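Each remark here refers to the structure printed beneath this line.
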Ligand code: 5GP
Ligand code: ZN
């Protein structure tokens, strides 16, 4: 079943509908960007498709293409306005990945050297035996499905 365009219990749907306020940065027919209410760093922005899709993986191609096109411009503006030295682009998908608002969205987080953000995450030591090849084959197979 297709995702509903508007989910009445979704905080981002309510922002998009104008039911609750947000500090909007840009708006197009398909997308809106606004400041995160609890920023990791000042200027932390969210880019959100205007229809309700729970994660990035459910986003229809036209939305994905449009949001992808908007991202570099939005990132440049956030960096310029905050005088950041860098930025992280983060998408949390699912509770296990830290998603708290189930309306897929991009975080644009301006970064300064020595700020209090803990990044990067810990990396593993590599793969054992033929695990890498097996995962490669399984993902390739899923891509073709
Ligand atoms: P997630 O954890 O789902 O990846 O990110 C959700 C983000 O939405 C959080 O960073 C949180 O601070 C932000 N957020 C939650 N509620 C509101 C709200 O009502 N307004 C705004 N502007 N941001 C919100
Ligand atoms: Zn929503």
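Key figures
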{"read-out": "Where residue 30 falls short, out of the listed (1) surrounded by 15 or more Cβ atoms within 10 Å (Cβ to Cβ); (2) within 15 Å of ligand 1 (Cβ to nearest atom)", "value": "(2)"}
{"read-out": "Residue count for the range 61-109, restricted to those that are more than 15 Å from ligand 1 (Cβ to nearest atom), farther than 24 Å from residue 7 by Cβ and part of a helix (DSSP H, G or I)", "value": "10"}
{"read-out": "Any chance residue 40 is surrounded by 14 or more Cβ atoms within 10 Å (Cβ to Cβ), over 12 Å from the mean Cα position of the chain (by Cα) and either within 19 Å of residue 85 (Cα to Cα) or in contact (Cβ under 8 Å) with a residue 24 or more places away in the chain (or both)", "value": "yes"}
{"read-out": "Residue tally, condition without any contact (Cβ under 8 Å) to a residue 24 or more places away in the chain, surrounded by fewer than 18 Cβ atoms within 10 Å (Cβ to Cβ) and within 14 Å of ligand 1 (Cβ to nearest atom), over the range 1-26", "value": "9"}
{"read-out": "Any hit, the range 110-120, residues being within 12 Å of the chain's Cα centre (by Cα), within 30 Å of residue 7 (Cβ to Cβ) and surrounded by 11 or more Cβ atoms within 10 Å (Cβ to Cβ)", "value": "no"}
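Residue-wise test of (1) within 9 Å of ligand 2 (Cβ to nearest atom); (2) at pLDDT below 95; (3) at positive phi.
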| residue | (1), (2), (3) |
| --- | --- |
| 2 | no, yes, no |
| 17 | no, no, no |
| 30 | no, no, no |
| 39 | no, no, no |
| 47 | no, no, no |
| 54 | yes, no, no |
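The values are calculated or read from the model by the stated rules, or taken from the named source; none is laboratory data. Predicted model, so just to flag it, every value in this text is computed and none were measured. Positions of Cβ are generated from backbone atoms using ideal geometry, with glycine treated the same way; all protein chains shown enter the neighbour counts.
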